[in-house]
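The values are calculated or read from the model by the stated rules, or taken from the named source; none is laboratory data. Just so we're clear, the structure is a prediction, and the values are computed from it rather than from any experiment. As a convention, Cβ positions derive from the backbone with ideal geometry for all residues, glycine included, and neighbour counts pool all protein chains shown. In case anyone asks, the SASA skips ligands and DNA or RNA and just uses the protein heavy atoms, side chains included. Shrake-Rupley method; radii C 1.70, N 1.55, O 1.52, S 1.80 Å.
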Amino acid sequence: MAEKYDEEKSAVGGTGYSNGDSPHFADTHETKEPWTRRFVDSFKRDPNAIVSKPNEAIDPHTGAPVGGHGGFDHAAAAERTANSGLAKKLKGRHMQMIAIGGSIGTGLFVTSGAALAGGGPASLIIAYGIIGILMFCTVQALGELAVAFPVAGSFSAYSTRFLDPAWGFAMGWNYAIQWLVVLPLEIVAASITLDFWPGAQDTNSAAWVTIFLIVIVSINFFGVRGYGEAEFVFAIIKVVAVIGFIILGIILNCGGGPNGGYIGARYWYPNTVAPDYAGYTVGGQAPGSIASGSFHNGFKGLCGVFVTAAFSFAGTELVGLAAAEADNPRKSLPTAIKQVFWRICLFYMVSLTIVSVLIPYGDGRLLGASSTDAKASPFVIAINNAGISGLPSVFNVVILIAVLSVGNSSIYGSSRTLAALAEMNQAPKIFGYIDRQGRPLVAIIFASVLGLLCYVVAGGPDTAATALNWLYSLSGLSSIFTWASICLAHIRFRAGWKAQGHSLNELAFRSQVGVIGSWIGFILNCLVLVAQFWTAAWPVGYGELSASDIAQDFFLAYLAAPVVIAFYVPYKLWYKTPFMKTSMMDVDTGRRDLDLAAIIEADRVEKAQMPKWKRIYKIFC
């Protein structure tokens, strides 16, 4: 089929190709045909996206059929995800900004305020710091796997290849569902964010969600390059905003704001007296005693912040999913992975430390009407407290952009995961339709159609809140399962890599924290699941709640766990998939650089010729 496509390309003056790394049809299609014809043709299936057909599942080592009911063909699945036909157009700058700004959203800008109110400033810093360590270890493991195997649907593909095909199936659908429900959630969140301005409250919410849905869907129909450029711009705006707030926060804490007055660390001490200077209020109250202190609600309050912090980092793993569409993942991905550390330190730890000294946990505004209520943003509250007019509106625009950025990522993440599942015969084959622009067209359309759920806003605030809460519960723990699977897949990959006679020197990029870091990441992910179970089953103040309220809150917080089990167990029982032994693992298919030894040696020589300062810089960046 590839040869036929080469002939067709030659007939219209294009350049043929026959491998997955070559340009797509639209890149080299030089013809005088009308643009309308070229536009229509771009949506046609790319024949090179189909590299193999499902075969009978045969164990390559024994020659015997694998599994029951047709089994699962590991070799064919690995081959299809390695040659999916997705466009490889993401540049290094795209990858870096996806890594730096990918998870900066409402979790940092808004929900961190509820975390401060629930656990106090010390709990906020401790929990986000520990989850930051978890994420650093996880992303390092993901980087090693993604550089070695930049394949479609990396998370589910790695679980299928190195753990268990049934678990890969569960993780793939877990991740797809997470992003499928996030799209309508974020579109509604964007419309709620607009309520910050009184003028926008008079407009029908359905009109706003229509505009946002069209914008997000249109970006993704421009292909991976459209997604990359949009995220590049969104990330720059978010990064500039956070850095600006850090500088402003230091000035305000030192008494440089319009309302003046040194604040220091007074809100870390119990029941402190709020500053008594002109115009200052705390939660609308005049200066006076305010609930404050380092911790709130004890150890359970700290566990509650753990969960919130974990959700705030959701999306960090997208850089691994994007590796399959990077033009040179061996070069761009290690740099992007290393910069995650600086994002965690600067954008999360420093900014939240500034927040913790500017606002007491007793400020009632931190507990807004919803997790997307911009008025509840600690960043906005701190600016309002300082008496700076106009700037809260500017920062609210940043929150709106962050919400749209997550919505944009939701179509990207769900469509690529669905396409990869289809390639592995774990989803309807139609989702594996890749067009000549390298877009998973049917998966994008499916994700976009589910975005129509955003019109629940037309049913009124109560109906919308109920529907959205249950939708959100489907994705609540999804990221934790994904991150734990990444760490465990890396541990098993290292075992298989060694067992099959390979050395670490053959890897173009190695996790800086190694297998020990992956164990730390895996254990911390498991502890977050335990903490979430405890705080969901016995929430703060559960003695005052009815049994039905406790049960509803538990399932709202923990619904993702039974969903994962519901995908895993039936698939495991039906196909009788094996747990992947080290001798069964495929550690070759999908490695894009064939002459890796020569490439690594060239890189070593290049680094040896660098000045010392640059070699040190490359270690961290």
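For the reader, a short list of remarks on this structure follows.
- Distance from the Cα centroid of segment 465-533 to that of segment 551-565 is 20 Å (rounded to whole angstrom).
- Radius, Kirkwood style, for segment 392-447 when every pair of distinct Cα atoms is counted (Å): 12.4
- Between G590 and any residue 5 or more places off or on another chain, the built amide H atoms are never under 5 Å apart.
- When only Cα pairs below 8 angstrom with a gap of at least 6 residues are kept, segment 85-590 shows a relative contact order of 33 percent.
- Take each peptide in 473-483, 312-322, count the other Cβ atoms within 10 Å of every residue, and average; sorted highest first, the result is 312-322, 473-483.
- Rolling a 1.4 Å probe over the protein heavy atoms of segment 85-590, with every protein chain left in place, gives an accessible area that is 68 percent carbon and sulfur.
- Centre-to-centre separation between the Cα atoms of segment 165-211 and those of segment 380-430: 8 Å.
- Charge dipole (Cα centre; +1 on Lys/Arg Cβ, -1 on Asp/Glu Cβ; no other charges) of segment 515-595 amounts to roughly 360 debye.
- Placing unit charges on the Cβ atoms only, positive for Lys and Arg and negative for Asp and Glu, gives segment 85-590 a dipole magnitude near 1400 debye about its Cα centre.
- Dipole of segment 409-561 [Lys/Arg +1, Asp/Glu -1 at C-beta], most positive-end residue of H502, Y412, W470: H502
- Flagged links, alpha-carbon separation over 29 Å, of K331/K498; K89/K607; K238/K300; K238/K331; K238/K607; K238/K612: K238/K300; K238/K607; K238/K612
- For S292, nonlocal amide neighbours, meaning residues 5 or more places apart or on other chains whose placed amide H falls under 5 Å from its own, are N271, T272.
- Couplings for segment 329-343, taken from phi via the Karplus curve 6.51 cos²θ - 1.76 cosθ + 1.60 with θ = phi - 60°, read x, 4, 8, 7, 5, x, 4, 5, 5, 5, 6, 4, 4, 5, 5 Hz in order; Gly and Pro are left as x.
- Cα gyration tensor category, rounded, prolate or oblate, for segment 120-209 with a/c compared to 1.5: oblate
- Backbone amide hydrogens, once placed in the peptide plane, bring L90 within less than 5 Å of A326, D327, excluding anything fewer than 5 places away on its chain.
- Tensor-based shape of segment 74-175 (alpha-carbon gyration tensor, a/c under 1.5 rounded, otherwise prolate or oblate): prolate
- Residue by residue, segment 119-124 carries 3J(HN,Hα) couplings of x, x, x, 5, 4, 4 Hz when phi is fed to the Karplus relation 6.51 cos²θ - 1.76 cosθ + 1.60 (θ = phi - 60°); x denotes Gly or Pro.
- Residue-normalised accessible area of segment 85-590, given per residue in Å² at a 1.4 Å probe: 34
- Rh by Kirkwood over Cα pairs, then Stokes-Einstein D for segment 85-590 at 1.567 mPa s and 4 °C, µm²/s: 56
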